[in-house]
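Heads up, the thing below is written out as structure tokens.
The values are calculated or read from the model by the stated rules, or taken from the named source; none is laboratory data. Not measured: the values here are computed from a predicted model. Backbone-built Cβ (ideal geometry, glycine too); neighbour counts: all protein chains shown. Just so you know, the surface numbers come from the protein's heavy atoms only, side chains and all, with ligands and any DNA or RNA stripped out. Shrake-Rupley method; radii C 1.70, N 1.55, O 1.52, S 1.80 Å.
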Amino acid sequence: MSLTGTPFLYTTITLAVIALVLPFVLWTRTRGPKVLRATLRGLMLLFAQATAVTLVFVLVNNSNNLYDNWGDLLGTGNHVQQAADLGADGTGGVAYRKLPKVRQTFSPADGPSMDAAGGVRVTQLKGRVSGVDAEVYVWLPPQYDDPAYRDKKFPVVELLSGYPGSAKAWFGSLHVHEQLEPLMRSGQVAPFILVSPRTNVIAKADTGCANIPGTVNADTWLSIDVPKMITDNFRAQGAPDGWSAAGYSAGAHCAAKLAVAHPDRYRAAISLSGYNDPIGEKHSLAATTPALRRANNPYLLLKEARTPPRVSLYVSGESGDGYEAGTALAQVAKAPTKVRVVFLPRSAGGHSMALWRPQVPTAFRWLTAELRHEAPGGHGSAGAPATPPGRSNAGSTPAELASGTSSRAGGARKP
């Protein structure tokens, strides 16, 4: 049975109920020596505890999409076929844009919320350049199949999960497609193609979205193989103007790093509760050497860039969890780089889906404006963290917290 499937959930519920009923039915009916009766009663209690813990885990996992399958949970899954040294640009000298088109077969994705808002589809992609073999989820905007848009190419946002985390999480837990579909229909948000590739491609380790010869080429997987597949199979805009990245937690670090490192491939990035130094995730392979840490730190990449990249970054977070990383980026950013920093008070939800979910509409409105080269009201300019003036967080709605209209000073106080 699938780890995240309905049959397994119902099985764990059934076993938990049985484990709860058993002691009431059999406690006084056990027969035999005292030691045997004590052993049987102990086993019933252990069975009840084990099934209760399992059920709680399944509910939490299904809600947050931490582990997609048994291989992820048990640490037996490995999606890397090879990891050649691809050089500084991650191409290995391959003219990847001239490679034959990648034709993929897509099927409806299964799992909670996967069939909402027109449905999410999935394919298994073998990266020609990166050597990564993993799933990629795709959702098409409501305008995609509209005859009025038959000649239009659509912008793309690559959605990156945290660690541990499933590529389904943006759809199954953050409900990104369900939140954005009505906004796309009303014109408040651009009709983005949403693409969520697997980021956790090595068992029991976070790749840090880095290229590490002999281990993994995660950067190339995300910035070359996945984009080429999407542009080969859908009416998607080309890089960099039509491409952005968005992530939360470890995925937020990846989104910012990919945009800053590859302004020829991405125009913008959304970072929700991210960090700059890969050491922010203790399981990150990008934190194993000083050289890797420097090469995958967006703050240092910005600070040391000979030519400031033409990218826009939206960085949000609480104090001690993303906010300082954003202000650091803003301090070293030079035009044409733009950094928008949003402070979120600790009462907004902590490092969890509850914090990131309500930020989706606001972040994508910002992204829509950036790609249209507009100046959204209240947004900070390059080099200046934006903490808009406003009320304290006491009594603020989730939308206000997500948009950053709660003040930093108010957020520091307990409501």
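Go through (1) open to solvent by less than 30 Å² (accessible area, probe 1.4 Å); (2) in a helix (DSSP H, G or I) and name the single condition Ala50 misses.
Every listed condition holds for Ala50 apart from (1).
Hey, does region 109-126 have a residue that's in a loop (DSSP other than H, G, I, E, B), among the basic types (Lys, Arg) and closer than 20 Å to Gln81 by Cα?
no
Taking region 293-337, which residues are basic (Lys, Arg) and under 22 Å from the mean Cα position of the chain (by Cα)?
Arg293
Of (1) surrounded by fewer than 24 Cβ atoms within 10 Å (Cβ to Cβ); (2) part of a loop (DSSP other than H, G, I, E, B), Ile279 satisfies all except one. Which?
(2)
So Leu355 fits all but one of (1) surrounded by fewer than 18 Cβ atoms within 10 Å (Cβ to Cβ); (2) modelled with pLDDT under 95; what number is the exception?
Among (1) surrounded by fewer than 18 Cβ atoms within 10 Å (Cβ to Cβ); (2) modelled with pLDDT under 95, Leu355 violates only (1).
Among the residues of region 283-303, is there at least one that is assigned to a strand (DSSP E or B) and either among the aliphatic types (A, V, I, L, M) or on the phi < 0 side of the Ramachandran plot (or both)?
Checked against the condition, which is being assigned to a strand (DSSP E or B) and either among the aliphatic types (A, V, I, L, M) or on the phi < 0 side of the Ramachandran plot (or both), region 283-303 yields at least one hit.
If you go through region 81-96 one residue at a time, how many are within 15 Å of Lys228 (Cβ to Cβ) and exposed (fewer than 12 other Cβ atoms within 10 Å of the Cβ)?
Total meeting the criteria: 1.
For the condition more than 28 Å from Thr215 (Cβ to Cβ), open to solvent by less than 40 Å² (accessible area, probe 1.4 Å), in contact with a strand residue (DSSP E or B) (Cβ under 8 Å, 6 or more places away or on another chain) and modelled with pLDDT of 95 or more, what is the one hit in Val339, Val311, Val260?
Val339
Please work out which one of (1) open to solvent by less than 10 Å² (accessible area, probe 1.4 Å); (2) over 21 Å from Ala169 (Cβ atoms) is the condition Ser273 fails and give its number.
Going through (1) open to solvent by less than 10 Å² (accessible area, probe 1.4 Å); (2) over 21 Å from Ala169 (Cβ atoms) one by one, Ser273 breaks only (2).
Within region 11-47, restricting attention to residues that are among the aromatic types (Phe, Trp, Tyr) and assigned to a helix (DSSP H, G or I), which residue is most open to solvent (accessible area, probe 1.4 Å)?
Phe24
Of the residues in region 167-205, how many are free of Cβ contacts under 8 Å to residues at least 12 places away in the same chain and either surrounded by 21 or more Cβ atoms within 10 Å (Cβ to Cβ) or not in a helix (DSSP H, G or I) (or both)?
1
Small (Gly, Ala, Ser) and either open to solvent by 30 Å² or more (accessible area, probe 1.4 Å) or farther than 29 Å from Ser166 by Cα (or both): does that describe Gly322?
So Gly322 fails the test.
Restricting attention to region 138-154, does a residue exist that is open to solvent by less than 10 Å² (accessible area, probe 1.4 Å) and of a type in the set (Ser, Thr, Tyr)?
Scanning region 138-154 turns up no residue that is open to solvent by less than 10 Å² (accessible area, probe 1.4 Å) and of a type in the set (Ser, Thr, Tyr).
Return yes when Gly214 is on the phi > 0 side of the Ramachandran plot and open to solvent by 10 Å² or more (accessible area, probe 1.4 Å) and no when it is not.
yes
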